[in-house]
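*Asks:* Here's a structure for you.
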Amino acid sequence: MAHFLKPSVRDGAERLQDFPDRRGRGALPSRVVRPGLGFLAAPFIVVCALVMAAAYVAALLDGIGANDADPALFSVVPYGLAFEMAEVAVGPDTSLADALDGVAEQIARSVANSTDDGLREATGTAADALADLAAALRTGNAASIVDAQAVAVELLQDSMQRKEAALEAFFDHQSSRAAQVERVVLGILMLAAAGLICVLGLFRREALANARRSQAENRVARLAYTDALTGIANRTRFFDTLACALANSDEVTVCLLDLDQFRELNERRGRALGDAVLRDLAQRLSRAASNVDGHAARLGSDNFAVLLPFDDAQKVAIFLKRMSDECCQPVSKGNDMVVPSVSIGVASASHLPDGIAITHESMIRVADFALNAARAKESGNGVAVYDTDMESSFVDRKTMVEQLPRAMADGALEVYLQPKANLETAEVTGFEALVRWTRSGVSVPPQDLIRIAEDSGLILDLDRYMLDHAIGVVADWNRRHKTDFSLAVNISARHVFQDDIVAVVADSLEKHRMPPELLTVEITETMELGNWKNAEEALSRLRALNCRISIDDFGIGYSSLAYLLAIKVDELKVDKSLIDGIESGESLPILEAVLHLSRQLNLYVVVEGVEREAQAECLIKAGFIHGQGYLYGRPRPAIEWLADVTYGVTDPSARDEPLPKVLQPRLAGTEAL
């Protein structure tokens with residue numbers, strides 16, 4: 001599987017950084033979180049402040065010491081020796097005089113470099129006084145010695161006091177500077193602490209901002225690649241992953257899935273249940289895909305896709321069986337439950353026809369052709385694998401979808417009638433309107449026409465077309481020929497939920513001046529009972545017009561007999577499937593139960609699909625009166641049936657001449673597209 005999971009270059013510029021995981025929630029590209037400008041500036045400012053403060057402290061500390069002090073303050077001055085020698089100088093003494101000269105010279109040198117003029121002058125005077133005392137000692141004059149001694153002692157005391165004062169002033173100054181350093185250091189510490197707090201605060205704010213920004217960016221990236229409703233990969237991610245896989249291998253299979261009748265589910269049961277079905281189905285597909293190292297995605301609405309890393313037919317078939325079984329399990333939401341069905345189109349890269357480039361676009365296109373073929377299967381849960389014949393048929397189908405609106409606008413859809421008859425006498429009691437379309441000389445099968453109209457969203461327009469044209473043909477005939485033929489027109493169950501259905505019927509009746517009691521609106525019994533209750537208001541308004549309401553194909557839909565008690569109708573049309581076994585007696589008990597209940601509810605009953613005399617006889621014996629089927633006439637152009645019944649033609653095939661011009665249809669066009 002390593003080759004399947006490699007990233008590939010997309011559009012020559014971007015490389016997928018991470019392959020999505022099996023649930024479609026793959027890792028998103030990593031993002032680098034960069035600090036903001038404010039976060040970078042704050043530490044820079046704090047560091048600069050600390051550096052300047054440190055320089056200032058260094059300058060202060062450099063000033064605390066002896067380097068900038070007066071040198072004389074810390075020089076050794078022999079004051080004590082000088083005092084002692086001066087005090088013992090009482091008589092002539094040459095040796096003492098020599099010693100005093102030495103002390104005087106030493107004292108003079110101690111202040112020679114002093115920056116304190118007063119101290120230098122006082123100490124110099126004291127040294128001179130000692131020199132005078134030495135000179136007096138040499139002369140031996142007692143009076144001179146005493147006077148010189150007194151002067152020398154006094155000046156020595158003055159010099160010593162000045163030096164002590166200078167020292168005290170120096171130490172006071174140094175103490176002041178030390179205190180200043182302490183304050184500065186404390187300030188630096190406080191500034192550092194404040195800066196640290198500021199940095200931490202900025203870091204926290206920046207980290208939170210980056211986290212929020214990263215979360216927002218990751219959320220944007222996730223939304224760009226993830227479906228918001230289901231949580232699995234979206235269309236963009238699936239296409240990227242498919243392109244990635246095809247770049248490394250052609251052993252790839254694409255499965256497109258579509259929920260059958262999802263629009264009707266939303267309209268009749270509500271979007272909440274529809275969303276629950278989508279979410280549940282997405283998780284089922286993810287689990288199924290993950291079991292085979294595949295990848296599931298929601299492409300939009302009720303469309304899903306699964307990418308398989310293999311194209312072996314047997315392995316694909318096994319996967320499709322498991323996936324189909326898994327998808328068709330019931331989904332519940334509250335008290336509501338629905339059993340989904342899916343149509344699946346399959347295309348394998350290695351099985352594409354020659355000449356088709358293997359790209360993610362071509363893979364999706366051919367898988368979509370297969371999906372259209374799967375949708376065409378009436379039973380639902382259809383699976384179709386792409387082949388070239390399929391593409392040809394669906395190109396034609398697409399053309400039909402494009403041509404159908406023009407056909408209705410041009411009146412090219414023809415109204416056919418099939419009679420309802422008395423089972424015993426074969427007397428025609430009314431008609432059912434059927435639509436036919438001849439296109440390029442070829443008649444489109446009715447079931448295909450209806451399916452195309454439903455799938456393309458044109459079924460409501462087709463209903464309006466048939467109501468208008470069928471009522472117009474029969475009303476015009478009744479008016480011109482003084483007849484009172486009744487008419488039954490089928491409308492889609494979807495139309496019952498449209499606000500305009502009553503107005504459409506009323507407008508057609510008024511436009512063509514047809515008595516409402518001659519019109520029966522047939523609705524197929526394929527809606528669930530709860531939705532019939534929702535449609536009761538529209539049905540009641542139709543009955544208020546004096547129209548009749550009929551349940552068509554009774555017996556093949558939901559809960560059958562329960563409908564007779566849930567809604568008010570006038571007629572039941574028993575489906576053909578219930579009389580297929582009547583000759584053997586197999587379905588007779590069911591038919592008798594339907595007939596008994598219908599009589600209790602005063603309902604008109606018509607049995608559909610009567611094709612053989614034996615069936616008619618069994619129905620007559622069971623008590624049924626009215627029937628419809630090939631035994632009493634096949635669908636034919638409206639004017640032909642109206643003319644035959646009006647003029648008593650019992651064998652239309654024996655008619656040698658075409659209908660007179662006056663009897664030709666005036667509203668239903670017969671030209672082919």
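The values are calculated or read from the model by the stated rules, or taken from the named source; none is laboratory data. What you see is a predicted model, and the numbers here were worked out from it, not measured in a lab. All Cβ positions, even for glycine, are placed from backbone atoms using ideal geometry, and neighbour counts span all protein chains on display. To get the accessible areas, we keep the full protein, side chains included, count just its heavy atoms, and leave off ligands, DNA and RNA. Shrake-Rupley method; radii C 1.70, N 1.55, O 1.52, S 1.80 Å.
*Asks:* Is the stretch 142-215 best put as rounded, prolate or oblate by its Cα gyration tensor, with a ≥ b ≥ c the root eigenvalues, rounded for a/c under 1.5, and otherwise prolate when a/b is larger than b/c, oblate when not?
*Replies:* It comes out prolate by the Cα gyration axes.
*Asks:* If I take R0 = 30 Å and measure r between the Cβ atoms of GLU517 and LEU601 in this structure, what FRET efficiency does the formula 1/(1 + (r/R0)^6) give, to the nearest 0.05?
*Replies:* 0.95
*Asks:* Taking only C-alpha pairs under 8 Å that are 6+ residues apart, what is the relative contact order of the stretch 195-332 in percent?
*Replies:* Relative contact order for the stretch 195-332 comes out at 26 percent.
*Asks:* Amide H to amide H, which residues 5 or more places from ALA488 or on other chains are under 5 Å from it, using H placed in the peptide plane?
*Replies:* PHE431, GLU432, ALA433, THR520
*Asks:* Let me ask something additional. Rounded to the nearest Å, what's the spacing between the alpha carbon centres of the stretch 591-623 and the stretch 428-455? Just the number, please.
*Replies:* 27 Å
*Asks:* Find the accessible area per residue for the stretch 392-445; the probe is 1.4 Å, ligands and nucleic acids are left out, and the unit is Å².
*Replies:* Numbers: 2430 Å² over 54 residues.
Value for the stretch 392-445: 45 Å² per residue.
*Asks:* Scale the Cα Rg of the stretch 418-528 by the rule-of-thumb value 2.2 N^0.38 Å and send over the ratio, two decimals.
*Replies:* Numbers: Rg = 15.0 Å, N = 111, 2.2 N^0.38 = 13.2 Å.
Dividing the Cα radius of gyration by 2.2 N^0.38 Å gives 1.14.
*Asks:* Please give the peptides 544-551, 358-365 ranked by average Cβ packing (other Cβ atoms within 10 Å per residue), highest first, as a rough proxy for protection.
*Replies:* Highest to lowest by the protection proxy: 544-551, 358-365.
*Asks:* Over the Cα atoms of the stretch 260-343, each weighted equally, I'd like the Debye log10 I(q)/I(0) at q = 0.11, 0.15, 0.19, 0.25 Å⁻¹, rounded to two decimals.
*Replies:* Results for the stretch 260-343 at q = 0.11, 0.15, 0.19, 0.25 Å⁻¹ read -0.31, -0.55, -0.83, -1.26.
*Asks:* Would you grab the residues whose amide H sits under 5 Å from the one on LEU299? Only those 5+ places off in sequence or on another chain, please, with H modelled 1.01 Å from N.
*Replies:* Long-range HN contacts for LEU299: PHE304, ALA305.
*Asks:* A follow-up question, please. Where the centre of each part is set by its Cα atoms, how far does the stretch 243-259 sit from the stretch 107-126, in angstrom?
*Replies:* Cα centres, the stretch 243-259 to the stretch 107-126: 106 Å.
*Asks:* On the protein heavy atoms, probe 1.4 angstrom, tell me the percent of accessible surface of the stretch 281-437 carried by carbon and sulfur.
*Replies:* Carbon plus sulfur share of accessible area: 47 percent.
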